Amino acid sequence: KECDWSSDVCSSDLITAWFSWPAVSICLLAFLWTFPSFAEDVKRIILLETMPVKVVLDHTNWFRIQMKELGYREGENLDLSILKANGDLERAERLLKEAISKETPDLVVTNATLATKAAVITLEGTNIPIVFFTVSDPVGAGLIKKIGVPTGKNITRSEERRVGKECRSRWSPYH
């Protein structure tokens, strides 16, 4: 979509800001590169969706496409588990706890606010990194205290902002 130049955020609607896939790519590669045998082993990623609405499903689809463009193939060098919270925070926490009890993932990706809240709560005290998207106000949601300030939670957001007459990408590490 094109940027709405009257706004600071490039958005698909009033609820969620679109994020930049190049920024997500950089972020994902930064996380995955830190693990041993980067090119040799299968990376395990858990993607937790808040609910089955169009914007969330679209972002999950784009995430899968981006991973493929980065060279990750589901069933080959990527084990991607998609968990569906169906709008229920307790369900999201339970699903995530069950998934990480079976095998520790390399990364947890969250799609929308409820899923991100569940991951922050569930993964507290672990070294499992979180990448979140489709969260328009992480400060207001209580995920972080201030944008760009480390939280000790090993969490990163990707977003797109208006700069002059074009949208530019950035990712914000809150770890």
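FYI, it's all coordinate maths here, none of it is from the lab. Keep in mind it's a predicted model, so treat the numbers as computed, not measured. Ideal geometry is used to build each Cβ from the backbone, glycine not excepted, and the neighbour counts take in all protein chains shown.
Side notes on the structure shown:
- Given their separation in residues at 0.36 nm each and the Cα-Cα distance between them, Trp62 and Glu74 gain 2.9 nm when the chain is fully extended.
- Qualifying GluC sites (Glu not before Pro) in region 66-166, DSSP loop, other Cβ atoms within 10 Å at most 11: Glu76, Glu103, Glu124
- Separation in nanometres of the label points that stand 7 Å from Cα toward Cβ, at Asn86 and Lys145: 3.8 nm
- Rounded, prolate or oblate (a/c below 1.5 giving rounded, otherwise prolate when a/b exceeds b/c) for region 56-108 by Cα gyration tensor: oblate
- Checking the Cα-Cα distances for Lys54/Lys153; Lys117/Lys145; Lys43/Lys68 against a 24 Å cut-off, the pairs over it are Lys54/Lys153.
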